[in-house]
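Here's the structure, in structure tokens; my notes come after.
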Amino acid sequence: MTLNDSAFLQACRGQRPAHTPVWFMRQAGRSLPEYLALREGTAMLESCFRTDMVVEITMQPVRRYGVDAAIFFSDIVVPLKAIGVDLDIVPGTGPVVAEPVRSWAQLDQFRDIDADDVTPITDAVKALVGELGSTPLIGFAGAPFTLASYLVEGGPSRDHRLTKQLMYSDPQLWHALLGRIAAIAGQFLRLQVEAGASAVQLFDSWAGALSLADYDTYVKPHSAAVLASVADLGVPRIHFGVGTGELLHSMGDAGADVVGVDWRVPLDEAVRRVGPGRAVQGNLDPTAVFAPTEFVHARAAEVLEAGRSAEGHIFNLGHGVLPATDPDALARLVDFVHEYDVS
């Protein structure tokens, strides 16, 4: 089988492969004992810039589960770190920014990415493509809103108060900031594809904090700019957000070929909201895999049946693999999805 014939890429194109392709967000790490052993003593951001670690961690779930795509091991703040933004990933907290963005003068730090900034990363992509063979590699970037929220809040936020305060009170600064982030995200995706990635995913972890009107006004143009920046490369573009049931059509309309769906919206309803011309990805609740196998597979069957209404369906969780997940439960789930008859 050639790379182009992979079930994952077929589904991205709206085709019906022989089996429903499956991969898991955050499959590369966190729940895997081999990942934890390899990462011991190495900070998260350091591991993201070490070519050997990126390759090994990305490959671990592919070897263990036989998933239909590999997701590049990285973090959404990596391109910001690569251009010199003073931030770190604090264990138990997440990304923490030394000087939260509050003024126009701070925008100067968000320069374009140069290929030399991310050489260890593109080297890892090239090495992975060689190892993966006919299994596609998904590159990814954080979406402008989510990255802006970290930058403005200084770290994770429950209510995104400071983010929305800036968005509403100084829309010019807001759009300038998101324009710079969009350019960086687009450049980062482009470098990954040019190095060999077969698809890209734009993660908008916090977009669910927005109303549809605010999303369309303050965010959608910038996410669309990221997706448009790689449109000429001919790779599928996946757009995923958490808690974004009310935004699904707009997120697809921003330029996605595949719209990721979290677990809160039934997949057939999500297909209706997304509209024609796009595939969908999702959407088993990540906590379902902690239940007995019979329950997990019954819920997976519901997702697969609902996915029949889509022009293309990629099975995934409705968000990332939780750290306490039993790897064997995921292995059984992959086998179940692969064997399920959706013809």
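Residues that are of a type in the set (A, V, I, L, M, F, W, C), at least 3 per element: which helices (runs of 4 or more DSSP H) completely within the range 171-268 meet that?
Counting at least 3 such residues, we get 171-195, 220-228.
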Exercise. What number goes with the only condition from (1) on the phi > 0 side of the Ramachandran plot; (2) without any contact (Cβ under 8 Å) to a residue 12 or more places away in the chain that residue 26 does not pass?
Worked result: (2)
Seminar exercise, completed: Considering the range 238-256, residues that are of a type in the set (Gly, Ala, Ser) and in contact with a Gly (Cβ under 7 Å, 6 or more places away or on another chain), and then whichever is surrounded by the most Cβ atoms within 10 Å (Cβ to Cβ), we arrive at 241
Exercise. Is there any pair linking a residue in the range 72-99 that is within 21 Å of residue 128 (Cβ to Cβ) to one that is among the charged types (D, E, K, R), with Cβ under 6 Å and at least six apart or on different chains, and which?
Worked result: 82/117
Exercise. Within the range 50-59, how many residues are under 23 Å from residue 11 (Cβ atoms) and either surrounded by fewer than 23 Cβ atoms within 10 Å (Cβ to Cβ) or modelled with pLDDT under 95 (or both)?
Worked result: 1
Exercise. Residue 67 fails exactly one of the following numbered conditions: (1) in a helix (DSSP H, G or I); (2) within 28 Å of residue 19 (Cβ to Cβ); (3) in contact with a strand residue (DSSP E or B) (Cβ under 9 Å, 6 or more places away or on another chain). What is the number of that condition?
Worked result: (1)
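For the range 319-334, name all the residues that are outside any loop (DSSP other than H, G, I, E, B) and polar (S, T, N, Q). Please lay out each step first, then the result.
Pass one, the range 319-334, residues outside any loop (DSSP other than H, G, I, E, B): 327-334.
Scanning the range 319-334 gives no hits.
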For this session: Might you check whether a residue that is in contact (Cβ under 8 Å) with a residue 40 or more places away in the chain, aliphatic (A, V, I, L, M), crowded, with 23+ Cβ neighbours inside 10 Å and within 27 Å of residue 75 (Cβ to Cβ) occurs anywhere in the range 215-222?
Result: yes
For this session: Could you grab me the full set of residues in the range 269-326 that are surrounded by fewer than 23 Cβ atoms within 10 Å (Cβ to Cβ), touching a residue at least 12 places away in the same chain (Cβ under 8 Å) and of a type in the set (Phe, Trp, Tyr)?
Result: 290
Exercise. Going by the conditions given, is residue 20 among the hydroxyl-bearing types (Ser, Thr, Tyr) and part of a helix (DSSP H, G or I)?
Worked result: no
Exercise. Which of the residues spanning the range 72-119 are farther than 24 Å from residue 205 by Cβ and part of a helix (DSSP H, G or I)?
Worked result: 104, 105, 108, 115, 116, 119
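When only residues in the range 125-152 that are out of contact with any helix residue (DSSP H, G or I) (no Cβ under 8 Å at 6 or more places or on another chain) and surrounded by fewer than 24 Cβ atoms within 10 Å (Cβ to Cβ) count, which is nearest to residue 109 (Cα to Cα)?
Only one residue tops the list, namely 138.
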Exercise. Within the group 117, 86, 170, 75, which residue is surrounded by fewer than 15 Cβ atoms within 10 Å (Cβ to Cβ) and either charged (D, E, K, R) or closer than 24 Å to residue 254 by Cβ (or both)?
Worked result: 86
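Among the residues of the range 24-46, write down those that are touching a strand residue (DSSP E or B) at 6+ places or on another chain (Cβ under 9 Å), over 24 Å from residue 288 (Cβ atoms) and either part of a helix (DSSP H, G or I) or polar (S, T, N, Q) (or both). Explain how you work it out, then say what you get.
Of the residues in the range 24-46, the ones touching a strand residue (DSSP E or B) at 6+ places or on another chain (Cβ under 9 Å) are 24-28, 43-45.
Subsequent filtering for residues that are over 24 Å from residue 288 (Cβ atoms) retains 43-45.
Selection gives 44, 45.
The values are calculated or read from the model by the stated rules, or taken from the named source; none is laboratory data. Worth saying up front: this structure is predicted, and the values here are computed from it rather than measured. Don't worry about glycine lacking a Cβ; one is built from the backbone with ideal geometry, like all the others, and counts go over all protein chains shown.
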